[in-house]
1. Taking Gly228, is it under 19 Å from the mean Cα position of the chain (by Cα) and on the phi > 0 side of the Ramachandran plot?
2. Among the residues that make up the stretch 245-259, is at least one of them β-branched (Val, Ile, Thr), within 21 Å of Gly36 (Cα to Cα) and in a helix (DSSP H, G or I)?
3. Looking at the stretch 260-299 only, could you name the residues that are part of a loop (DSSP other than H, G, I, E, B), within 18 Å of Ala221 (Cβ to Cβ), open to solvent by less than 50 Å² (accessible area, probe 1.4 Å) and among the small types (Gly, Ala, Ser)?
4. Which of the residues belonging to the stretch 182-240 are of a type in the set (S, T, N, Q), closer than 20 Å to Gly250 by Cα and in contact with a helix residue (DSSP H, G or I) (Cβ under 7 Å, 6 or more places away or on another chain)?
5. Where the second residue is outside any helix (DSSP H, G or I) and surrounded by 18 or more Cβ atoms within 10 Å (Cβ to Cβ) and the first is without any contact (Cβ under 8 Å) to a residue 40 or more places away in the chain and lies in the stretch 97-120, which pairs have Cβ atoms under 6 Å and are six or more apart or on separate chains?
6. Checking the condition hydrophobic (A, V, I, L, M, F, W, C), surrounded by fewer than 21 Cβ atoms within 10 Å (Cβ to Cβ) and free of Cβ contacts under 8 Å to residues at least 40 places away in the same chain, which residue from Leu231, Leu253 passes?
7. Restricting attention to the stretch 136-143, does a residue exist that is among the β-branched types (Val, Ile, Thr) and either open to solvent by 80 Å² or more (accessible area, probe 1.4 Å) or at pLDDT 95 or above (or both)?
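The values are calculated or read from the model by the stated rules, or taken from the named source; none is laboratory data. It should be emphasised that the depicted structure is a prediction, and the values quoted were computed from it without experimental measurement. Because the Cβ atoms are built from the backbone with ideal geometry, glycine has one as well, and the counts that use them run over all protein chains shown. Only protein heavy atoms, including side chains, enter the accessible area calculation; ligands, DNA and RNA are left aside. Shrake-Rupley method; radii C 1.70, N 1.55, O 1.52, S 1.80 Å.
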Amino acid sequence: MNAANHAPRDIVEVLSEALPYIQQFSGKTVVVKYGGNAMTEDHLIDSFARNIVLMKEVGINPVVVHGGGPQIGELLGKLNIESRFVNGMRVTDAETMDVVEMVLGGLVNKSIVNLINQCGGKAIGVTGKDGAQIRARQLQVQSKEPEHKASEIIDIGHVGEVESISTDLIEMLAARDFIPVIAPIGVDDSGKSYNINADLVAGKVAEALAAEKLMLLTNVAGLLDDSGEVLTGLTTAQVDDLIADDTIHGGMLPKIRCALDSVKGGVQSAHIIDGRVPHAVLLEIFTNAGVGTLITDTE
């Protein structure tokens with residue numbers, strides 16, 4: 001039997017494997033943080049949009065939270081506005097914040113909405129300022145740079161952290177079969193805008209919605225052990241141990257802490273998945289193997 005004759009059987013087997021997962025997650029909320037290579041490579045952009053639409057079609061309620069750091073940097077460069085970073089975070093003065101809002105709330109957000117709609121979905125783009133969904137406060141940063149004293153607190157401007165999440169608007173959109181696409185911009189009580197890390201926003205949105213899953217797309221295969229193998233299934237206790245013994249460190253640590261906090265906060269599971277893999281979202285949800293690291297609060 002040739003490869004062509006195998007294809008229909010393979011499709012049926014995939015659908016059969018997916019059936020129990022579709023039944024299990026129908027009616028549940030899944031929050032997906034979208035960024036990295038999945039947002040910049042054309043074939044991955046298309047597969048992501050199709051994944052989100054298919055999730056909605058089988059009864060899952062996807063909520064997308066997106067980043068946009070490279071796009072912000074590109075526009076700042078075109079405007080000859082210098083980018084400066086402290087501890088990996090962009091120093092965001094009022095002028096830079098205007099650009100951040102233009103890029104995240106406009107260009108990137110509406111591009112994702114358009115892609116999902118072109119694939120047959122019904123997406124609506126919002127920022128955390130709409131309906132005051134994301135209440136923020138300024139992030140206090142202790143500099144790790146050699147030129148600063150260890151205890152020095154650096155003002156990095158309009159960079160924020162989540163104070164609270166209001167889910168009214170998100171739930172209203174989902175109930176009417178829309179797919180919310182959220183730009184990670186928050187607002188404080190005085191109306192001041194803040195740029196917030198998209199992973200952190202996704203985690204807090206997932207907690208507030210009591211989501212079934214939080215999925216964080218990355219540019220790596222998942223959480224790796226000392227030998228470079230992907231750790232596929234972990235409990236929160238195991239993740240705490242891996243942080244304590246420095247197995248988890250560097251750039252992966254904030255993402256893992258975000259996933260860990262969300263599960264401890266009531267999200268059923270968090271997934272660190274490889275956004276460089278086409279259809280990574282569906283592979284993680286609907287197949288036995290998955291494509292990343294799963295964190296749960298149960299043994």
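1. Criteria not met by Gly228.
2. Checked against the condition, which is being β-branched (Val, Ile, Thr), within 21 Å of Gly36 (Cα to Cα) and in a helix (DSSP H, G or I), the stretch 245-259 yields at least one hit.
3. Those that are part of a loop (DSSP other than H, G, I, E, B), within 18 Å of Ala221 (Cβ to Cβ), open to solvent by less than 50 Å² (accessible area, probe 1.4 Å) and among the small types (Gly, Ala, Ser): Gly275, Gly290.
4. Across the stretch 182-240, the qualifying residues are Thr218, Asn219, Thr236.
5. Pairs found: Val103/Gly68; Lys110/Gly125; Asn117/Ala123.
6. Leu253
7. Checked the stretch 136-143: no residue is among the β-branched types (Val, Ile, Thr) and either open to solvent by 80 Å² or more (accessible area, probe 1.4 Å) or at pLDDT 95 or above (or both).
Residue-by-condition table, conditions (1) in a helix (DSSP H, G or I); (2) open to solvent by 30 Å² or more (accessible area, probe 1.4 Å); (3) at pLDDT below 85:
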| position | (1), (2), (3) |
| --- | --- |
| Val32 | no, no, no |
| Ala38 | yes, no, yes |
| Phe48 | yes, no, no |
| Lys56 | yes, yes, no |
| Gly59 | no, no, no |
| Asp98 | yes, yes, no |
| Lys110 | yes, yes, no |
